[in-house]
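Data block below; observations after.
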Amino acid sequence: MLPEIVGRDEFAALVVRTDYSDEAGWREVVVALNQPYGERGEFEGDVHLVDDPVWAGASEDAVLAVVARDEDLSVVFLADRVTMRSADRALLALDVRPEEEEEDLDPVYYQELADAPPAPREFRTIPAGAHDVHANLSIGNMDFEEFAQEAGTDPEGVYRSL
């Protein structure tokens with residue numbers, strides 16, 4: 001059983017380390033997350049790092065089950081095995097919001113919506129992009145699907161920042 005995450009400021013992006021195979025790689029992720037971001041580097045990076053080996057090997061579903069208790073959170077970033085092996089140290093962004101219930105849709109009026117493929121629930125982002133994603137989702141400026149689509153336009157499937 002994974003512990004509850006406490007002490008996260010609602011404005012801080014949440015990054016959970018689930019892979020402990022590359023300490024130098026993790027340090028690169030942390031350095032990148034703590035860099036100023038924005039067009040001219042005008043914003044300070046604000047992150048809450050969960051760096052506890054109890055999370056080693058935790059599945060996406062297990063992490064989501066724990067973080068779903070945080071009502072102010074819309075996305076969590078995992079530093080997983082792929083992150084540690086990636087040249088870009090691309091974090092896995094997971095949509096924390098519960099999936100929408102389709103049973104409430106009027107089958108005639110919302111046929112097109114009901115037939116649409118499910119919205120993406122994850123994508124990869126460089127550490128600097130985590131700030132864009134977290135900030136924009138927190139204020140409702142963009143939605144998760146928009147970031148996932150942007151990541152999909154990258155040849156490596158990684159969101160690289162606005």
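The values are calculated or read from the model by the stated rules, or taken from the named source; none is laboratory data. Treat the numbers as computed from the prediction; the structure is a model and nothing was measured. With ideal geometry, Cβ positions are generated from the backbone for all residues, glycine too; neighbour counts draw on all protein chains shown.
Some points to look at:
- Residue match in the range 31-50 (condition: part of a loop (DSSP other than H, G, I, E, B), of a type in the set (A, V, I, L, M) and buried (at least 20 other Cβ atoms within 10 Å of the Cβ)): no
Residues are listed down the side, and each one gets a yes or a no for (1) charged (D, E, K, R); (2) modelled with pLDDT of 95 or more:
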{"position": "V54", "(1), (2)": "no, yes"}
{"position": "A62", "(1), (2)": "no, yes"}
{"position": "R69", "(1), (2)": "yes, no"}
{"position": "R85", "(1), (2)": "yes, yes"}
{"position": "L92", "(1), (2)": "no, yes"}
{"position": "E102", "(1), (2)": "yes, no"}
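Conditions tested, residue by residue: (1) modelled with pLDDT under 95; (2) part of a strand (DSSP E or B); (3) farther than 20 Å from R124 by Cα.
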site	(1), (2), (3)
L2	yes, no, yes
E10	yes, no, yes
R27	no, no, no
G57	no, no, no
L78	no, yes, no
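- From D61, D70, residue being among the charged types (D, E, K, R), over 20 Å from V158 (Cβ atoms) and exposed (fewer than 13 other Cβ atoms within 10 Å of the Cβ): D61
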